[in-house]
1. Report, ordered by the first and then the second residue, all pairs with beta carbons closer than 9 Å, sequence separation of six or more or different chains, a first member in segment 111-125 that is at negative phi, and a second member that is among the acidic types (Asp, Glu) and open to solvent by 30 Å² or more (accessible area, probe 1.4 Å).
2. Considering only residues of segment 47-58 that are crowded, with 21+ Cβ neighbours inside 10 Å and in a strand (DSSP E or B), which is farthest from the chain's Cα centre (by Cα)?
3. Those residues that are of a type in the set (A, V, I, L, M, F, W, C), under 20 Å from ILE35 (Cα atoms) and surrounded by fewer than 17 Cβ atoms within 10 Å (Cβ to Cβ), I need them from segment 66-112; list them, please.
4. Of all the residues that make up segment 33-46, how many are farther than 20 Å from THR92 by Cα and surrounded by fewer than 22 Cβ atoms within 10 Å (Cβ to Cβ)?
5. Would you mention how many residues in segment 12-37 are assigned to a loop (DSSP other than H, G, I, E, B) and farther than 12 Å from SER50 by Cβ?
6. Quick one: count up the residues across segment 113-156 that are hydrophobic (A, V, I, L, M, F, W, C), surrounded by fewer than 21 Cβ atoms within 10 Å (Cβ to Cβ) and assigned to a strand (DSSP E or B).
7. Since GLY30 meets every condition but one in (1) open to solvent by 60 Å² or more (accessible area, probe 1.4 Å); (2) modelled with pLDDT of 95 or more, which condition does it not meet?
8. For segment 59-80, state whether one or more residues are of a type in the set (Val, Ile, Thr), more than 18 Å from THR8 (Cα to Cα) and in a loop (DSSP other than H, G, I, E, B).
Amino acid sequence: LTNNETLTVGTALAGSGGLTQGINATLNIGGASTITTLTASNSGNIVNFSGANQSVNVSSYYNLTISGSGNKTMAGNTSVDGTLSLNASTLTVGNRTLTLNGPTIAGMPENLTTTAASSLTFGGTSPGVLIPASVVALNNLSITNTNIVALQSSLTISGTFNPGVGGLSIGANTL
């Protein structure tokens, strides 16, 4: 099944099949999403988790929006090739890896929550990418962005730090 327009699911997106987001399509998920496969990497498409206390599907997203209320928890490793927008809700990485290949986090970047078990990768080629002040502990940090990524607060990394090509600007913070 392919969504080529705007699809709003108010309660549950479920089934044993898959849903593919077409180019520039929008999917608004207001309840639980237990669909077997969500393919959301086509250019320009947006997936918006707009309910309360949701699990974010394991997928490679082009644009991912976190809105509504409560906490959104990553169900597995997730990547965003376009823009991650955090609006009102918190996105918890937990013991997963979040890969961001686009510009800096839009909306309320301070709503990104990590722990000492979380891993972040900043890829792509976007300039001006910031690691939010809310990120104070990580297991692993990898920077493959070709531009410098800037730290907005002191950060403790308990695992591996890979500064990559562009590197990390720590400013007055400690690493």
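The values are calculated or read from the model by the stated rules, or taken from the named source; none is laboratory data. As the structure is a computational prediction, the values presented were derived from the model and not from experiment. Virtual Cβ from ideal backbone geometry, glycine too; neighbours counted across all protein chains shown. Quick note on the areas: whole protein, heavy atoms, side chains included, nothing else; ligands and nucleic acids left out. Shrake-Rupley method; radii C 1.70, N 1.55, O 1.52, S 1.80 Å.
1. The qualifying pairs are GLY123/ASP81.
2. Filtering first and then ranking leaves GLN54.
3. Result: ALA75, single match.
4. 8
5. Going through segment 12-37 one residue at a time, the tally reaches 11.
6. Total meeting the criteria: 4.
7. With (1) open to solvent by 60 Å² or more (accessible area, probe 1.4 Å); (2) modelled with pLDDT of 95 or more applied to GLY30, the lone miss is (1).
8. no
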